[in-house]
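To keep things clear, I will list the structure first and then write my remarks on it.
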Amino acid sequence: MSTSQNSPHSELPDDILLEIFHHLLGPPAIRESDTWLPVKLSHVCSNWRCLTLTSPLLWTNIFLASFSDPAILRQYLTRSGDALLRIDIIAAPTMESTLDVLAPILSNQSHRFVSFHLHNIDGDAAMEVLSFFTSPAPQLRSLHIQPCSEASLDTVFDDQMPLLGDMEIHTADPSNLLARRNLTRLFVHAAFVEMDQLVNLLRGCPTLESLDLACLSQPDDALRRLREIPVIPLKCLRELNVDNSDRADMAILPYLSFPKTTIVKLGYLRHSELVTVLRDCASLREIASDAKVATLELWPNTQFRYITLRSPQLEIQVYDDHTAPEFTGFSAMPFQALSHLTIHDNGCPFPTEHQWRHSFQRIPTITHLEVWAKDVTTLAILRVIGTDISDAETVLCPELTHLALLGDVNKEQAVCEEMVSCCIARAAAGAPITSCKIVLKETSTPILARLDEIGVQIKCIAHPFLSGGSNLFSPNTTAEVTAV
């Protein structure tokens, strides 16, 4: 398509145009649209065609699912010159008959690969593809292999990948790969792993910044041998994700040491497993102990009940296996510095008042408590923190000064009465709550005016379905009424 010489883009210098073209290629992750972008740019005008054909970097994204003609692939390789290549091979109907032709063409260029990603190809086909890539890849930084069944990695690039920093493996066993001193990201899912070999791999990766493990299958003898392995120091680790779906993944945690700044996500633990992990993994215990802000989410499920614990550096999912008399998950956490706690109840019929009491006994340092729950949970929490009080020593959470009840409750009168009783009891015991916030549907709840008598500042927020709020208290009160 021809364009006028007076078009605005014709005034741009070539170096600016090229900078724009490179920016259009997007982030390092390869997209199919990136592969065809230089072709589209070359059809805009003669000047753009000249620029694209003489710019090797524009031809370096090889999304193999887009190609069915080997001649097109050869043309891309020629136009890319000596530039480093990003290769993405993904299962597609158009590739079924051409993969065995395209792979050998690419294999001769392995010395130029900067990333090599193989996705969604079944085990036999994956092994056939990988068999072509046995030459060294001295520039390779990123290796992703995701077959649908086990594939051997013994000969991939002849294990000559000295710059490899990002490795993502699904199904295949990564433990036969040598340790990588430059590796910064390791992602292993759905693999049969000899755990001691995986430990040796981790031990040889001192610069590891991100570790993601899930669905690892391990023989019992490997777990027994693991007990004799010393702790692995991962001093650069910034992110740790472990999914315990197959009940074996958490076995690695006690043998890892990582900084207090590491962000940790743990999925699908039993209460007993969380207790064990926190007992045996000093690094995780230290992170939990230092947490100052946390959120507790309660979730119902057709098969089981589970909770999610969140803090700025922790996310832990624990499900209720009905074996713990205390509050599943939460009571296991060593929150020694916690000051702000938010509770979100999404319709769970648990925990009991006894379990709430057991949990609040473990967090004496909280100063702010925010509850998003309906009647049963809200009333249970108020009774636990506001009853059976004789003096300051018997008060749960003695430093609590700010209380917010923000859930959609139906028994507003009962909740208001319990909140007032809680505040009065705590004030009499020398552990007063100085600020309360509550969401109400009703426009008049006089009982709350009693809080003014003991110096509690109360903010009533109109329910979102109401148009606004009104002052519920006497002219002398300090209460503030606002609408959401």
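The values are calculated or read from the model by the stated rules, or taken from the named source; none is laboratory data. Note that the structure is predicted; figures quoted are calculated from it, not measured. For neighbour counting, all protein chains shown are included, and Cβ atoms are generated from backbone atoms with ideal geometry for every residue, glycine included. The protein model used for the area step is the full one, side chains on, heavy atoms only, and it has no ligands, DNA or RNA in it. Shrake-Rupley method; radii C 1.70, N 1.55, O 1.52, S 1.80 Å.
Worth pointing out:
- Area of Lys459 that stays accessible when all protein chains are in place (1.4 Å probe, Å², to 10): 60
- Alpha-carbon gyration tensor eigenvalues x 5, square-rooted, for segment 355-450, Å: 21, 15, 11
- Neighbour-limited loop hits for GluC sites (Glu not before Pro), segment 340-442 (at most 14 other Cβ within 10 Å; DSSP other than H, G, I, E, B): Glu399, Glu442
- In a fully extended conformation the segment linking Ser135 and Thr261 would gain 41.4 nm over its present Cα-Cα distance, using 0.36 nm per residue.
- Listed pairs Lys292/Lys441; Lys235/Lys265; Lys260/Lys437; Lys260/Lys292 exceeding 22 Å between Cα atoms: Lys292/Lys441; Lys260/Lys437
- Put simply, the amide H of Leu256, placed in the peptide plane, has neighbours under 5 Å in Ile232, leaving out anything fewer than 5 places away on its chain.
- For the pair His111 and Thr54, label points projected 7 Å from Cα toward Cβ lie 2.7 nm apart.
- In this entry, segment 341-389 is assigned a mean projected area of 3.3 nm², taken as a quarter of its C-alpha convex hull surface.
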